[in-house]
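Derivation of every value follows stated rules applied to the coordinates shown; laboratory data play no part. Quick caveat, the model's predicted, so the values are computed rather than measured. Virtual Cβ from ideal backbone geometry, glycine too; neighbours counted across all protein chains shown.
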Amino acid sequence: MDRYAVIGHPIGHSKSPLIHTLFARATGQALEYSAIEAPLDGFAATLDAFRAAGGRGVNVTLPFKLEACAYADEVSERARIAGAANALTFDGASCRADNFDGVGLVRDLTVNLGQPLAGQRVLLLGAGGAARGALQPLLQAGPACLVVANRDATKADDLVRTLAALGLGHGVLSACGYPVLAQHAPFDLIINATAASLHAEPLPLPAQVFGPHTLAYDMVYGKGLTPFLRQAQAAGVTRLADGLGMLVEQAAETFAWWRGVRPDTRPVIAQLSVPLT
Ligand code: NDP
C-alpha cells in the first residue's frame, strides 16, 4: 500500500489523516496516511527515514513549511513566492514541493461559499505564513484591491515589497497597520490569517471595515464563533465562515497531485464542520 503522512510538531491535533482516509475510501485509492511528529531539529532526518521506508509523499505543517522548501529539489512558483511548502512528493531520488494553502482558500471562497474575487475589495489580516501562501492565488483571482494589514505593520510592508519585486500586485496590493484601516473601508471580503483566534483574542478592527454584504472569513477552524467572527457579527455581518473548507480543499488539491484523482470535498466538509455558534 502506498504510504503518505503529515509531518509537524506538534501533530496530535491534525485532521489530515482523517481527511485523506475519507478521500481514499471515496475514490477507491489504496493508500495509508499517518501523522508523524518530527523533533524540532529533525525534519530532514525524519523525512529521509520516511522515504527510505517507501513513503510516497507528505503534507508539511508548522513549524516545518520553510524547511520543506529547502529540502526539495524542485519548488513550484507559488511555493517559492510563499517561501513555504505544505506538500512534497517523492519520485525516486527527486523531491518536488508545492503549496496548496492559497489555492485551497480561493476554491473554498469561490466554489463553496460563492464569493466572487474579481473586482472585489479584499482585506487580508496577518503577515505570517498563512497570509504569504494566500497572496499570490488571491491576486491571480483579480481583486480590485487587496490590502494586507498586520499588527506589526512593517511585516505587511515587507510582504508587499517582496511581491512587488517579483512584479506582482502593482496598483492592487498595499499594506497598512490596523489604526489606519478605516481609510480603506469598507471591504467585500475580510480574511483573518492571523493567529489571534487561536488565542481567543479580538483584533483592533474599526467597525467601518465591515459592510452589509461583507464575507468575514477566519482561517482558524473547529473553534465555532471566534472573536473575529463575533466582531463581524456585532457589526451586522451575516456572511461568516471558518477555515475548515480551506483545509479540506488544500487536502483535495494535494490528493489530486499525488493520485491523479480529485475527491469530492463536500461530504468531508459536511462531516467535519463545527457550527458557527
Ligand atoms: P504565523 O505564526 O506565521 O503568523 C501569525 C500572524 O498572526 C502574524 O501576522 C501575527 O502578527 C498575527 N497575530 C498573532 N497574534 C495576534 C494578535 N493577538 N493580534 C493581532 N495579530 C496577531 O501563523 P500562520 O500564518 O501559519 O497561521 C495563521 C493562522 O492561520 C493560524 O490560526 C492557523 O491555524 C491558520 N491556518 C489555517 C489553515 C487552513 O487550512 N484553514 C492553513 C494555515 C494556517 P505579528 O506579525 O504582528 O506578530
Can you give me the number of residues within segment 168-193 that are assigned to a loop (DSSP other than H, G, I, E, B) and more than 13 Å from the ligand (Cβ to nearest atom)? 7
More than 24 Å from MET246 (Cα to Cα), part of a helix (DSSP H, G or I) and of a type outside the set (Asp, Glu): does that describe LEU159? no
For segment 29-41, check the following and say yes or no: at least one residue is part of a loop (DSSP other than H, G, I, E, B) and under 17 Å from ALA251 (Cα atoms). yes
Residue list for segment 20-47, filter: in contact with a Ser or Thr (Cβ under 9 Å, 6 or more places away or on another chain) and in contact (Cβ under 8 Å) with a residue 40 or more places away in the chain: HIS20, PHE23, LEU31
Take the conditions assigned to a helix (DSSP H, G or I), aromatic (Phe, Trp, Tyr) and under 28 Å from LEU198 (Cα atoms) and apply them to PHE23. Does it pass? yes
Residue, surrounded by the most Cβ atoms within 10 Å (Cβ to Cβ), within segment 51-76, restricted to residues that are in contact (Cβ under 8 Å) with a residue 24 or more places away in the chain and more than 16 Å from the ligand (Cβ to nearest atom): GLY57
Test of understanding: among ALA97, ALA196, which residue is near the ligand (Cβ under 10 Å from one of its atoms) and either within 19 Å of the chain's Cα centre (by Cα) or on the phi > 0 side of the Ramachandran plot (or both)? ALA196
Take the residues of segment 199-224 that are assigned to a strand (DSSP E or B) and within 18 Å of the chain's Cα centre (by Cα): which is nearest to the ligand (Cβ to nearest atom)? ASP218
